[in-house]
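Let me begin by presenting the structure, written as structure tokens, before commenting on it.
The values are calculated or read from the model by the stated rules, or taken from the named source; none is laboratory data. Model, not experiment: these values are computed from the prediction. We place every Cβ from the backbone using ideal geometry, glycine too, and count neighbours over all the protein chains shown. Only protein heavy atoms, including side chains, enter the accessible area calculation; ligands, DNA and RNA are left aside. Shrake-Rupley method; radii C 1.70, N 1.55, O 1.52, S 1.80 Å.
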Amino acid sequence: MSQQALLDTLQIEIHQAALKSRRLILAPGNYGLDYLAAHMPELARIPVVKISNFVGEALDMAATEHFTEVLLVGHVGKLVKLAGGIMNTHSHEGDCRMELLAAAGIRENVSLECLKKILDCVTTEEALAFIDAEGKKEDVMEDIMKKIDFYLKKRAAGRLQIACIVYSNTYGLLGMTAKAEELLRRLL
């Protein structure tokens, strides 16, 4: 499918979800859907839309459809890009995953040796293993989540409440944006 065909399909799915609820869950792909099913089955009554790489467009569509609360759930390898303001997470739009993890590592006093290892990684799971070995995984992910929160709120521009949950296959839940727990309580 062309990109426009994918966006048109996404628009239809978000519109259909709006007919059922003012709350919405977005997941980039099947991994996010699987994580939700395994770890948050009580959210099954909230419409879930698979958005592929189109985080920014999906938020814009959700705002147009007058959703009040949106929860984004995804793997760190996809959503870490949001910490750099990249709202289309396809690799051809930008792939600065390791650089964003390293920048957070710098802010959280990760060693230079570890930072170099992060920059040589191919996957975020591999980079997280180095960060975890230094005992800095929680600090780095807290930093990443603050940046994700900033850019999601910037894109939402007050049109809806947005929260995000990031996980990894190895470490499980890695982080939530500031209002995620509060939003989860309301969604439940």
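Listed values, structure above:
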read-out: Average accessible area per residue (Å²) across the chain - probe 1.4 Å, nucleic acids and ligands excluded; value: 48
read-out: Ellipticity estimate at 222 nm from DSSP helix runs (n ≥ 4, -39,500 (n - 2.57)) divided over the chain, nearest 500; value: -15500 deg cm²/dmol
read-out: Magnitude of the charge dipole, the chain, Cβ model with Lys/Arg +1 and Asp/Glu -1, debye to 20; value: 620
read-out: Candidate residues Leu112, Leu100, Leu59, Leu119: accessible-area rank, largest first, probe 1.4 Å; value: Leu112, Leu119, Leu100, Leu59
read-out: Point-to-point label distance, Ala157-Glu125, nm (Cα→Cβ direction, 7 Å offset); value: 3.8
read-out: 5 angstrom amide H check on Arg159, placed H, neighbours 5+ away; value: none
read-out: Difference of contour (0.36 nm per residue) and Cα-Cα distance, Ser2 to Leu184; value: 62.1 nm
read-out: Selected from Leu72, Thr170, Ile144, residue furthest toward positive end of dipole (the chain; charges at beta carbon); value: Leu72
read-out: Distance between the range 16-74 and the range 126-188 - C-alpha centres, whole angstrom; value: 16
read-out: Reach of Lys117 by Cα under 30 Å, taken over lysines that are not fewer than 8 positions away in the same chain; value: Lys78, Lys81, Lys136, Lys137, Lys146, Lys147
read-out: Placed amide H near Met40: partners under 5 Å, 5+ positions off or other chain; value: none
read-out: Length added when fully stretched, Arg45-Ser111, from 0.36 nm per residue minus Cα-Cα; value: 19.3 nm
read-out: Amide proton proximity set for Cys164, modelled H, under 5 Å, gap of 5+; value: Leu72, Thr177, Ala180
read-out: Accessible-area composition of the range 51-173, carbon plus sulfur, in percent [1.4 Å probe]; value: 52
read-out: Rounded to the nearest 10 Å², the accessible area of Met87 at probe 1.4 Å; value: 20
read-out: Protein-only accessible surface order, largest first, of His90, His75 at 1.4 Å; value: His90, His75
